[in-house]
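Structure, as structure tokens:
The values are calculated or read from the model by the stated rules, or taken from the named source; none is laboratory data. Source: prediction; values computed, not measured. Cβ sites come from the backbone with ideal geometry, for glycine too, and all protein chains shown count toward neighbours. Quick note on the areas: whole protein, heavy atoms, side chains included, nothing else; ligands and nucleic acids left out. Shrake-Rupley method; radii C 1.70, N 1.55, O 1.52, S 1.80 Å.
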Amino acid sequence: MSDAGSGNEMFGTPQRAARPAASPASSRQVESPMLARTPDSVARGAGGSDFESPAGGSATGSDLRTPQRRVQVQSSPHSGSQGERSSHRARRGFLASTPGPQGAQRDGSKVLYGSTIDEEFVAEEVMKFVHNFRLEGTPASEPAHYLKELRRQWEQCTEPKKGIVFTINAQHLNQFSSRLYESFVQCPLEAIPIVDQALWSASLQELQSEPEDLGRVQVQLHSLLEKDQRQMRDINVREIERLISVQGIVIRMTDPMPDVSTAAFRCFNMTCRNWEYVPLDQGTIKEPMRCEQCLKTHTYQLMHNDGTYTDKQVIKLQEPPELVPHGETPQNIQVMVFDDLVDSVRPGDRIEVVGVFKAAPFRPDRKFTECNTVYRTYVDAVSLAADLSNRLAAEVDTNDDAGPPPKLEEKADLDPARHTDEEIAWHKKIRELAANKDDNGQPTIVEKLVQSIAPSIFEEEEVKKGLLCHLFGGTPKNVVSGSGDKRCRPEINTLLCGDPSTAKSQFLSYVYKLAPRGIYTSGKGSTAVGLTASINKDPATGDLVLQSGALVLADRGVCCIDEFDKMEESARAILHEVMESQTISVAKAGVLSQLHARCSILASANPKGSSYNPKMSVAENINLGKNLMSRFDFIWLMLDKRDAKQDARLVRHLASMYSVHGVAKRAEPALENELFRRYVSFARKWVYPRINEEASAALVEAYKDLRNQGTSRETITATTRILESLIRISESLAKMELREEVTVTDVNEALRLLKSATYAAVVDPTTGKIDFEQLVAGMGASKRQRKHDVEQLFQDTLAELASDGKTISIEHLKDAMNAKLSEKKEAPVNEAEFSAALRVGEHDGWCRKSGVELEYR
């Protein structure tokens, strides 16, 4: 941000600048630096007792165009002289309330014009709240909660002249004074500046500082009462200029834009050249009409590069899928953010916005001066918070530039300067839970976690443990290569396949609701554009912009894909790059970009037939492309096995879930939902296991054993992707016990899980041996050998019967081939095998088909 008069750094980071000098005709005395950001809700006259309209006076003369001035609303002929205009802009607290009756004395107190806000009451109550509010259980001898927080934030502030952002829990505000809370909700545009002023005054008293040494204090409210929380489709005109809370998913963000806070004007009279600086007041910049130096009118010219600007950004928020009624489409709403809220979120984040719901007129065409009668609505954000209700906290990725990851022994998670008392209490409970051991000295946490994940699903303990590994993930790490540092994928990809009604979709739904950035989609309804990115025209600027798809929105999260086998081939081809490189390359409409898609894939697929055929390989059962299945770390076969005892247990389990009598006997999870979520979030954020020498040697031996399980040199039983999967699974198992070192026990358990899942799926049903190459070739080793034998027999028989340029009929060739196979006591050639051998011969050029005849070349 450039200070007024400098004109050099127009688009820098917004900061508190000294208030520039202004002429008496266009400026007022300022009591605190908070007026540089929020409006002076009480417009004082010379005596300090008169009130004027919040809209203030209107500028006349030339059409003033300041940066991001959104609209110019022409006044009615009865409201002023010709050309008189008033303008409103999207800015926190800057849009004036609808003028009401003249402000008057109510019970001996002053009420702000156009509102029901008693300024003295709000200021006094805020001071009492800061000095007297204490959390439950806090002794009276301890300092007040928010007074202590205010001092702590000023002590941590490296540049006090730039000010601080002070957050207040609205629940605490309502506990202390419901009238004060209602003042915030009903008239936030008038109440917020008063609170900013009161907090600044409290800071002066607490720190014993000079006014010029402390910058502004900007209040941010969060956690409104339930009655003030709104869904997007329930917001109506009654909410205009009220404080509301709305939840949604960020789907688009604009680039930061400069927004004027102080405008610089210069007199263009050659003999004068006087400068005038006008601060933003009630959402408008009042152009000075008369130069105080040369006494001429309409001589001021706006100097864009010499004003003071702050950052502004527009966020497009979409309604969460779980809140959309059946048969409806998701609603969208625009959110305006300023200052420190700019770039605080990213597309795909689930956030809760607390802000003022506003309506602004707009022109249907820039050439027109009239505005539409239908207004555009938006939310002027006061605070943004991650919506982690029933979800895990977002993972913090580490890299070499940020230094080594934190260690548990440093106890950074227990630092009172960085965490609240509630968070520290949860962290201590999590550490104690991980330290619990049974009579044999073994940790019990893994068993409790398995019992707590999807408790409504019957048994499937192995699959649940695999999904736990999916949630915890491995350790992010960078490997130095010739082209620079390469990020090794820590995310674990999982495929659930098998018979219908085996809870595959329920597992996907559970993980989706638990993940911090979860996207749920169906294979049949997904396209390549919907998964990657689309090109749209920005409605504000008309420029082509990228609209993020499902995989980009799920960055650092989980993308759940149901009916994976029914996905179009063009959409499935996108996943090859995502599942290995975790990037998406886009080249559309002149936009060249490489987007991050660092997400784990959890997919479910059904067999081609009605049920899984054990006589066929997994590649033949599921309609998936070659090479794609080899990118999954876990491939779980979920089969509906016919077992009378197991069926009886399943019936009793379902009866306890749905019957009133069995509710008392229902199996309860070992960990309550909130503790389970916090435990997984804690491990993802604070635990980064490393492999020691013994574990490294165990990994080498395990990989060598897997490679040597083949029956011949042509059979591949393990690839390097299997080794990487073993490493990731071992690290996730160490995370479950909050250990920072991977042991041999973790490697052995990872190998057991991998054999239970992926290696059980890649067993050749003909030979009973492990054949990993079937995931690449699409068929087992015996069928690959049969295909090779038929192709060789086709070529030898054709060369024998059609030598010297002769031709032979197709039926004659088939009979000759079947005669040779019958001598070897092998099955005759079917139509599919013969057609495949014919295509290979034509492709290689040693045969040519002409009608029903074949020619050997």
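Before moving on, here are some points about what is shown:
- Restricted to the stretch 513-605, the set of helices (runs of 4 or more DSSP H) holding at least 1 residues that are open to solvent by 30 Å² or more (accessible area, probe 1.4 Å) and of a type in the set (Val, Ile, Thr) comprises 528-531, 569-580.
- Contact map, the stretch 737-758: residues that are farther than 18 Å from Ala697 by Cβ and part of a loop (DSSP other than H, G, I, E, B) paired with residues that are modelled with pLDDT of 90 or more and open to solvent by 40 Å² or more (accessible area, probe 1.4 Å), Cβ distance under 7 Å, separation 6+ or inter-chain. Pairs shown: Glu740/Arg690.
- Residue list for the stretch 788-823, filter: at pLDDT below 80 and of a type in the set (Lys, Arg): Lys806
Each row is one residue, and each column tells you yes or no for (1) modelled with pLDDT of 80 or more; (2) over 21 Å from Pro476 (Cβ atoms).
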| site | (1), (2) |
| --- | --- |
| Thr541 | no, yes |
| Met567 | yes, yes |
| Val578 | yes, no |
| Ser593 | no, yes |
| Leu602 | yes, no |
| Ser610 | no, yes |
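- Verdict on Ser585 being farther than 22 Å from Ser522 by Cβ and among the small types (Gly, Ala, Ser): yes
- In the set (1) in contact (Cβ under 8 Å) with a residue 12 or more places away in the chain; (2) surrounded by fewer than 20 Cβ atoms within 10 Å (Cβ to Cβ); (3) in a helix (DSSP H, G or I), Thr167 fails one condition alone, (3).
- Summed over the stretch 798-815, the residues that are surrounded by 15 or more Cβ atoms within 10 Å (Cβ to Cβ) and under 25 Å from Arg784 (Cα atoms) give a count of 3.
- Residue match in the stretch 301-309 (condition: surrounded by 15 or more Cβ atoms within 10 Å (Cβ to Cβ), aromatic (Phe, Trp, Tyr) and in contact (Cβ under 8 Å) with a residue 12 or more places away in the chain): yes
- For the stretch 245-276, the set of residues classified as over 30 Å from Ile315 (Cβ atoms) and part of a strand (DSSP E or B) consists of Phe265, Arg266, Cys267, Trp275, Glu276, listed by residue number.
- Of the residues Asp306, Asp311, the single one that is closer than 24 Å to Pro193 by Cα and not small (Gly, Ala, Ser) is Asp311.
- In the stretch 121-134, the residues that are outside any helix (DSSP H, G or I) reach residues that are small (Gly, Ala, Ser) and surrounded by fewer than 19 Cβ atoms within 10 Å (Cβ to Cβ) with C-beta atoms within less than 9 angstrom, at least six apart or across chains, in these pairs: Phe133/Ala144; Arg134/Ala140; Arg134/Ala144.
- Within the stretch 209-228, restricting attention to residues that are buried (at least 17 other Cβ atoms within 10 Å of the Cβ) and assigned to a loop (DSSP other than H, G, I, E, B), the residue that is nearest to the chain's Cα centre (by Cα) is Ser223.
- Within the stretch 337-388, considering residues that are assigned to a loop (DSSP other than H, G, I, E, B), touching a residue at least 12 places away in the same chain (Cβ under 8 Å) and hydrophobic (A, V, I, L, M, F, W, C), the one farthest from Ser223 (Cα to Cα): Cys371
- Yes/no for Gly248 being closer than 20 Å to Tyr309 by Cα and either buried (at least 16 other Cβ atoms within 10 Å of the Cβ) or at pLDDT below 90 (or both): no
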